[in-house]
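Trainee: For reference, the structure I am asking about is given below.
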Amino acid sequence: MRRKLITGKMIGAFAVLLVLFMSVGVAEEILCAGHYAYVLKDGLATIVGHIDSEYGWKYWFDDRPDTWPPSLLVEDESAGFDLDADEEGATANYKLVIPERLDGYPVVAIGVASGTVVDEGAFEHGGYTDVTIPEGITSIGNSAFADCHYIEALTIPQSVTYIAEDAFEGWYGGTTLRVVEGSYAAQYAEKNEFPYTYDTEYKVFNSGEWQYTLANGTATICGYEGADSDLIIPDYLDEYPVTAIGYGSWLQWRLLTDNLVSVTIPDGITSIDARLFVDCYFLTRIDVSPNNPVYEDVDGVLFDKQRKMLVYYPSAREGAFTIPGGVTGISENAFYDSMGLTSVIIPDSVASIGEYAFFGCKSLSGATIPDGVTSIGDRAFSVCWGLTGATIPASVAKIGINPFANCRSLTTIDVSLNNLMYEGIDGVLFDKQRQTLVSYPGARNGDYTIPDGVTSIGEAAFPGCTGLTGVAIPNTVTSIGEEAFYGCTGLASVSIPDSVTSIGDWAFYECESLTSVAIPASITFIGENAFSQCEKLTMTVTKGSYAEQYAIENKIPYEFVDG
């Protein structure tokens with residue numbers, strides 16, 4: 001029987017640890033118990049690795065490294081995976097319950113081994129969907145669950161008194177932390193703006209066609225699997241009053257009905273996470289009871305009671321829409337995937353446009369940002385294919401991740417000369433100091449030279465710029481952000497100077513016309529999938545450099561600078 005083992009970059013979670021321990025002469029050795037690696041100190045175990053990491057993918061190996069502990073080999077498929085792909089890689093879908101003991105030793109920490117060099121990445125890149133940390137664990141260390149993109153819920157016990165700042169680095173934001181009220185973890189979730197719920201009442205209950213969670217004796221609806229086209233939210237589920245819609249793991253729960261046309265909100269609903277309506281492509285109106293104290297509808301569009309915040313616009317509506325005067329904020333995801341929306345008039349009263357507010361409004365051709373808007377959230381107008389131009393008024397002081405990403409008809413982004421924070425240079429959006437390139441119009445063709453003095457190419461600055469054929473990067477740039485050139489299928493040449501030290505995740509993903517790129521020896525970090533789907537690419541690297549190792553681990557053809 002051939003043995004299954006994690007390979008390439010994934011092997012680092014254990015193999016590097018072993019090398020480090022041997023090289024520095026630390027007394028503690030790495031021990032193995034099933035799929036876990038751990039170290040002991042004073043009879044207490046610290047988990048430092050888990051073989052089921054890296055998205056739950058497993059790879060075939062005929063030989064194992066001499067340094068690899070025999071007990072870490074997996075000779076069967078009993079690891080708890082629900083795999084649905086070929087052996088080249090599969091998305092895991094399983095729950096992980098971390099053990100309270102390993103080989104009889106109490107487990108007290110994850111990824112932090114006091115007095116050793118082991119301090120990060122125990123479950124990094126794991127494909128887990130639901131994780132439970134048991135009572136007794138007190139520390140969650142550096143990068144412990146970094147880039148665990150599929151986790152929908154993670155339970156943290158009251159015993160935890162330390163969580164590293166980067167413990168959950170790289171998460172996409174659809175995860176709910178289950179915590180104990182008043183605990184350190186609850187404070188951590190609040191401080192770092194993680195969605196959370198109290199663990200003792202998180203269980204998802206079924207009541208007919210509804211799913212809900214409980215907190216403080218009240219129900220939160222998190223899913224519906226019926227066939228009603230005109231849906232009335234109930235006042236009670238079982239004996240519990242319904243007070244909220246959609247708070248929870250929204251990547252998992254939706255209003256799962258293909259023909260939902262309308263939703264009626266009763267008196268008792270005081271919290272609505274409108275993301276629960278995402279993918280309800282036939283929804284035309286949301287009606288709210290006039291006695292509801294928090295929300296109100298205006299002709300089927302959802303607002304707060306004071307009509308200050310536009311919460312959600314039903315995505316099946318078509319044509320033009322005028323936001324009422326007096327509205328001060330457009331909520332995140334408010335018009336998400338409103339593909340029939342052709343134009344929107346935003347009143348001068350609006351001060352904030354939320355993240356993803358108009359994302360996916362593919363027919364939107366007219367949207368003037370009024371003077372008075374002070375903030376524009378991440379990707380607020382992304383994938384608005386009909387937009388041809390955009391103007392940033394003087395009042396805007398904060399712009400998130402490229403608000404115009406993948407706007408394939410956009411030719412120019414103009415900025416008021418009186419704006420103190422941002423500037424347009426030949427129709428390209430920069431910060432006022434001209435140090436960060438924020439957004440490049442998606443409809444432009446040909447080559448582009450980034451101006452001298454720019455130090456950072458922002459996250460998602462050029463995504464979907466399919467007509468972009470070449471980019472010259474000046475030697476002032478030190479970082480290329482995540483998704484910077486994602487999907488630039490026509491990009492055939494890019495010059496990366498030796499001033500650059502990092503290339504973010506997915507930076508050149510699907511740049512299928514790239515045949516060669518020189519990666520300078522100055523590069524010390526290249527992110528996940530930075531050059532994936534660049535099938536024609538051969539890297540030019542310096543022998544012994546980080547780039548060479550990256551090319552090897554990611555199976556990218558390469559050649560040395562000196563030939």
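The values are calculated or read from the model by the stated rules, or taken from the named source; none is laboratory data. For clarity, every value in this text was computed on a predicted model and none was experimentally measured. As a convention, Cβ positions derive from the backbone with ideal geometry for all residues, glycine included, and neighbour counts pool all protein chains shown.
Trainee: Can you confirm whether the stretch 513-535 contains a residue that is closer than 20 Å to PRO441 by Cα and not aliphatic (A, V, I, L, M)?
Mentor: Looking for residues that are closer than 20 Å to PRO441 by Cα and not aliphatic (A, V, I, L, M), one finds at least one in the stretch 513-535, hence yes.
Trainee: Go through the stretch 280-392 and tell me which strands (runs of 3 or more DSSP E), entirely inside it, have 1 or more residues that are in contact with a Gly (Cβ under 8 Å, 6 or more places away or on another chain), closer than 28 Å to ALA460 by Cβ and at pLDDT 95 or above.
Mentor: On the way: elements: 285-288, 295-298, 301-304, 309-312, 319-322, 341-345, 389-392.
Qualifying strands (runs of 3 or more DSSP E): 309-312, 341-345, 389-392.
Trainee: Mind checking which residues of the stretch 447-458 are within 18 Å of ALA405 (Cα to Cα) and in a strand (DSSP E or B)?
Mentor: So in the stretch 447-458, the residues within 18 Å of ALA405 (Cα to Cα) come out as 448, 450, 456-458.
Passing the criteria: TYR448, SER456, ILE457.
Trainee: Out of the residues in the stretch 511-545 that are in contact with a helix residue (DSSP H, G or I) (Cβ under 6 Å, 6 or more places away or on another chain) and without any contact (Cβ under 8 Å) to a residue 24 or more places away in the chain, which is farthest from ASP498 (Cα to Cα)?
Mentor: It comes out as MET539.
Trainee: Are any residues in the stretch 394-418 over 14 Å from ALA461 (Cα atoms) and buried (at least 17 other Cβ atoms within 10 Å of the Cβ), and if so, which ones?
Mentor: Within the stretch 394-418, SER395, VAL396, VAL415 qualify.
Trainee: I would also like to ask the following. Mind counting the residues in the stretch 481-535 that are among the aliphatic types (A, V, I, L, M) and under 20 Å from the mean Cα position of the chain (by Cα)?
Mentor: Looking only at that region, the number is 5.
Trainee: Go through (1) charged (D, E, K, R); (2) touching a strand residue (DSSP E or B) at 6+ places or on another chain (Cβ under 7 Å); (3) under 24 Å from GLY527 (Cβ atoms) for GLU482 and report which single condition fails.
Mentor: The one condition GLU482 does not meet is (2).
Trainee: Of the numbered conditions (1) modelled with pLDDT of 85 or more; (2) assigned to a loop (DSSP other than H, G, I, E, B); (3) among the acidic types (Asp, Glu), GLU190 satisfies every one except a single condition; which is it?
Mentor: Every listed condition holds for GLU190 apart from (2).
Trainee: Which condition breaks for ASP82 when tested against (1) assigned to a loop (DSSP other than H, G, I, E, B); (2) surrounded by fewer than 18 Cβ atoms within 10 Å (Cβ to Cβ); (3) modelled with pLDDT of 85 or more?
Mentor: Of (1) assigned to a loop (DSSP other than H, G, I, E, B); (2) surrounded by fewer than 18 Cβ atoms within 10 Å (Cβ to Cβ); (3) modelled with pLDDT of 85 or more, only one is false for ASP82: (3).
Trainee: Any chance the stretch 382-392 includes a residue that's in contact with an Asp or Glu (Cβ under 9 Å, 6 or more places away or on another chain) and among the aromatic types (Phe, Trp, Tyr)?
Mentor: Within the stretch 382-392, none of the residues are in contact with an Asp or Glu (Cβ under 9 Å, 6 or more places away or on another chain) and among the aromatic types (Phe, Trp, Tyr).
Trainee: Only one residue in ILE376, ILE346 is touching a residue at least 24 places away in the same chain (Cβ under 8 Å), buried (at least 22 other Cβ atoms within 10 Å of the Cβ) and not basic (Lys, Arg), so which one is that? Write out each step before concluding.
Mentor: Working: ILE346 fails: buried (at least 22 other Cβ atoms within 10 Å of the Cβ).
Checking each option against the conditions leaves just ILE376.
Trainee: Taking the stretch 413-437 only, how many residues are more than 20 Å from ILE496 (Cβ to Cβ) and part of a strand (DSSP E or B)?
Mentor: Total meeting the criteria: 9.
Trainee: Being modelled with pLDDT of 85 or more and over 15 Å from GLY111 (Cα atoms) is the filter here; which residues of the stretch 135-155 pass it?
Mentor: Passing the criteria: LEU154, THR155.
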